[in-house]
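One structure below.
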Amino acid sequence: MYVAWRDLKFAKGRFALMGTVIVLITLLVGLLSGLTAGLGQQNISAITSLPADKIAFGAPGQGEKLSYSNSTVTEKQWQQWAKTPGVSTAEPLGITTTKATAGSKSTGVSAFGVRRGSALAPESSRLDDHAAVLSTTAAADLGVAAGDTFSLAGQKVTVAAVRGDVFFSHTPVIWTSLGLWQKAAPPSGRADGPTATVIALHTTSGAGIKAADRAAGTETVSTDDSLSAIGSYTSENGSLQLMRGFLFAISALVIGAFFTVWTIQRSGDVAVLKALGASTANLLRDALGQAVVLLAGGTLIGTGIAAGLGALVAGSAVPFLLTPATVLVPAAVMIALGALGAALSIRRITSVDPLTALGSAR
Amino acid sequence: MSLNLTDITLTYPDGDTRLTALDQVTLEVPKGSLTAVVGPSGSGKSSLLAVAATLITPDAGTVTIDGTPTTGMTRGELTDLRRHKIGIVFQQPNLLPSLTAAEQLQVMAQIDGRKPRTARGRAMELLDAVGLADQAGRRPHQLSGGQRQRVNIARALMNDPTVLLVDEPTSALDHERGAAVIDLITRLTHQQATATVLVTHDRTHLTAVDQIAEVHDGRLRLPAHT
């Protein structure tokens, strides 16, 4: 790093320019990562926080995909799952998006219907056909507290408690009894009547899932895999991840392009050092070290700014999630991909001929 | 002998044929002596220097540096040999723009795997020898042409080479500064006991050299004048 470090200090303008580009790309990646995670959380946190490892959907029709919107399960299917060996708990869960109103305030909410006493909902022992548990955001949006009343899909409901802050498909969750949920949910058109939307399962390793699915007429996937059954999450997350991927690719290309030009510019110096006896490995180490210093510095600053901005907007209307995973992982990926781009560029050092240092050509 | 070139033949591709740059050249340069190689442009002087510097492998013949024949050496071994045994003074100073005069010398320690700051003393000693001790902290753009050439010379001596190869060191200098540079090389050759080969097309400053070899069309004639 002897020459590389001095180059960094000497060619300040050039490296500052490139460093600024890295800072800006890192900032953009950091903000996008926080936003992706924040939006994702607003889509799926109610599902990922369920005490269940599998979700059983009503078997979709031919050519249809699993969907929380379209799935319905009956009492019979639930009972069948509850009796299945290897299934420690099977809890019906009704999900519907509806409107809640309190005085002059109204908001869209996701009503999650569970059995009274179910482990799926907080304070579920207090649920009945006239009492619901609200998540913090739902209560705040409606301006209600425990003991207040509000209207859920035309039903007058009392706030039994305000607990947690989970979301489903960008709406805050209200935990209700299955009876209240069935009144709020649109009719399914099935003769045997829907009990719920899905069955949340807690299974052990010996559970025969496929056989139970065949017997019950359901399709069961892991809780994580079930997230793709939330339509808005799949399309939104896919688009944002694509943008993030493009940003990573662009940063690697920009850094690669910069170091390609830089290496060409200093190929005369490289030839001189080779002629003086510098090994190619030594020169490559020097050049890669320079790239990593530039990348690490730029990424550190960009990540710091992204984290600072994220901390400012977190908790406001902007769904920004600030965690080590949303801050440090994109930074590490930026450095790794940037170093790869730089490594591909500086490999041309290997082909510089020291003979060109002789004569008057330089 | 510290530098022996024995029956060196070097050819370059030239269309469908090959051009002979060096034709069975033999040259012996003892320690502490300065041999000037003179000749017109295109005569083969630079090719001879490149072969002696192990930057080109000849078609035939043997290059021996400090008793070690270079024939069959790998590229890595030749790099090591250049680093430890050969000092090169380039025609253009070829100084690295980001380094100060002292750092231009200290970098030689770095490429040898040593800590550059441990070589500070040797660097200052050589800068003093070339009359630039007070310019140690200046970068190339802050030095004159003659000063840059003197740093170039000092850098070549940094790793105590056995062989010093000097390529047209006066080509970019006026008469007075050219003479001063040749005097400096002559003095350092004796002080540092190097086997020095000085390639030049300018005979005006060669009064103090130990031997003059003339190259014409790739053939070396020795001695033309001592």
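Select, from B:LEU49, B:LEU27, the only residue that is in a strand (DSSP E or B) and not small (Gly, Ala, Ser). Break it down stepwise before answering.
Values: B:LEU49 fails: in a strand (DSSP E or B).
Result of the check over B:LEU49, B:LEU27: B:LEU27.
In contact (Cβ under 8 Å) with a residue 24 or more places away in the chain, among the charged types (D, E, K, R) and surrounded by 21 or more Cβ atoms within 10 Å (Cβ to Cβ), is that true of A:ASP165? Talk me through it step by step, then tell me what you get.
Numbers: in contact (Cβ under 8 Å) with a residue 24 or more places away in the chain: yes; among the charged types (D, E, K, R): yes; surrounded by 21 or more Cβ atoms within 10 Å (Cβ to Cβ): no.
Taking the combined requirement at face value, the residue does not satisfy it.
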* Examine the stretch B:57-66 for a residue that is touching a residue at least 24 places away in the same chain (Cβ under 8 Å), more than 14 Å from chain A (Cβ to nearest Cβ) and in contact with a Lys or Arg (Cβ under 8 Å, 6 or more places away or on another chain), and state whether such a residue exists. => yes
* To do: Give the stretch A:282-293 a look and list any residue that's among the aliphatic types (A, V, I, L, M) and facing chain B (nearest Cβ under 9 Å), or say none.
  => A:LEU283
* To do: Would you mention how many residues in the stretch A:208-242 are surrounded by 14 or more Cβ atoms within 10 Å (Cβ to Cβ) and within 21 Å of A:PRO330 (Cα to Cα)?
  => 6
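Out of A:ALA132, A:ALA82, which single residue is assigned to a helix (DSSP H, G or I) and either at pLDDT 90 or above or surrounded by fewer than 22 Cβ atoms within 10 Å (Cβ to Cβ) (or both)?
Details: A:ALA132 fails: assigned to a helix (DSSP H, G or I).
A:ALA82 is the lone residue from the list that is assigned to a helix (DSSP H, G or I) and either at pLDDT 90 or above or surrounded by fewer than 22 Cβ atoms within 10 Å (Cβ to Cβ) (or both).
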* What residue, among those in the stretch A:287-319 that are assigned to a helix (DSSP H, G or I) and without any contact (Cβ under 8 Å) to a residue 40 or more places away in the chain, is nearest to A:ILE255 (Cα to Cα)? -> A:ALA296
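So if I check each of A:GLY256, A:GLY206, A:GLY277, which one is of a type outside the set (S, T, N, Q), assigned to a loop (DSSP other than H, G, I, E, B) and touching a helix residue (DSSP H, G or I) at 6+ places or on another chain (Cβ under 7 Å)?
Answer to the check: A:GLY277.
Output yes when any residue across the stretch A:333-349 is under 30 Å from B:SER41 (Cα atoms) and part of a helix (DSSP H, G or I), and no when none is. Even if it seems obvious, please write down each step before you answer.
Taking the stretch A:333-349 as the starting set, the residues that turn out to be under 30 Å from B:SER41 (Cα atoms) are none.
No, the stretch A:333-349 contains no residue that is under 30 Å from B:SER41 (Cα atoms) and part of a helix (DSSP H, G or I).
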* **Residues satisfying the stated conditions in the stretch B:186-214, i.e. at pLDDT below 90, of a type in the set (A, V, I, L, M) and under 19 Å from B:ILE88 (Cβ atoms)** => B:LEU188, B:VAL209
* Asked: Can you name the number of the only condition in (1) within 28 Å of A:SER316 (Cβ to Cβ); (2) touching a strand residue (DSSP E or B) at 6+ places or on another chain (Cβ under 8 Å); (3) of a type in the set (S, T, N, Q) that A:THR234 fails?
  -> (2)
* To do: Please tell me if B:ARG83 is surrounded by fewer than 23 Cβ atoms within 10 Å (Cβ to Cβ), at the interface with another protein chain (Cβ under 9 Å from one of its Cβ atoms) and touching an Asp or Glu at 6+ places or on another chain (Cβ under 9 Å).
  => yes
* To do: Could you check, for the stretch B:98-118, whether at least one of its residues is touching a residue at least 40 places away in the same chain (Cβ under 8 Å), in a helix (DSSP H, G or I), facing chain A (nearest Cβ under 8 Å) and closer than 14 Å to B:PRO161 by Cβ?
  => yes
* **Index of the failed condition, A:LEU322 passing every other in (1) in contact (Cβ under 8 Å) with a residue 12 or more places away in the chain; (2) in a helix (DSSP H, G or I)** => (2)
* To do: Consider A:SER88 carefully, then state whether it is in a strand (DSSP E or B), in the same structural domain as A:LEU178 (by TED's automatic domain parsing) and more than 22 Å from A:GLY231 (Cβ to Cβ).
  => yes
* Can you find even one residue in the stretch B:58-75 that is at pLDDT 90 or above, crowded, with 18+ Cβ neighbours inside 10 Å and under 30 Å from B:LEU143 (Cα atoms)? -> no
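A quick yes/no check of all residues on (1) crowded, with 21+ Cβ neighbours inside 10 Å; (2) modelled with pLDDT of 90 or more; (3) touching a helix residue (DSSP H, G or I) at 6+ places or on another chain (Cβ under 6 Å):
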{"residue": "A:ARG285", "(1), (2), (3)": "no, yes, no"}
{"residue": "A:ILE301", "(1), (2), (3)": "no, yes, yes"}
{"residue": "A:GLY304", "(1), (2), (3)": "no, yes, no"}
{"residue": "A:ALA314", "(1), (2), (3)": "no, no, no"}
{"residue": "A:PRO324", "(1), (2), (3)": "no, no, no"}
{"residue": "A:ALA332", "(1), (2), (3)": "no, yes, no"}
{"residue": "A:SER345", "(1), (2), (3)": "yes, no, yes"}
{"residue": "A:PRO354", "(1), (2), (3)": "yes, yes, yes"}
{"residue": "A:ALA361", "(1), (2), (3)": "no, no, no"}
* Tabulated pairs, the stretch B:25-36, first surrounded by fewer than 20 Cβ atoms within 10 Å (Cβ to Cβ), second of a type in the set (Asp, Glu), C-beta under 9 angstrom, 6+ apart or interchain -> B:THR26/B:ASP7; B:PRO30/B:ASP210; B:LYS31/B:ASP66; B:GLY32/B:ASP210
* Asked: Going through the stretch A:257-275 one residue at a time, which ones are within 14 Å of chain B (Cβ to nearest Cβ) and free of Cβ contacts under 8 Å to residues at least 60 places away in the same chain?
  -> A:GLN265
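The values are calculated or read from the model by the stated rules, or taken from the named source; none is laboratory data. The structure presented is a predicted model; accordingly, all values stated were derived computationally and were not measured. Here Cβ is always computed from backbone atoms with ideal geometry, including for glycine, and neighbour counts include all displayed protein chains.
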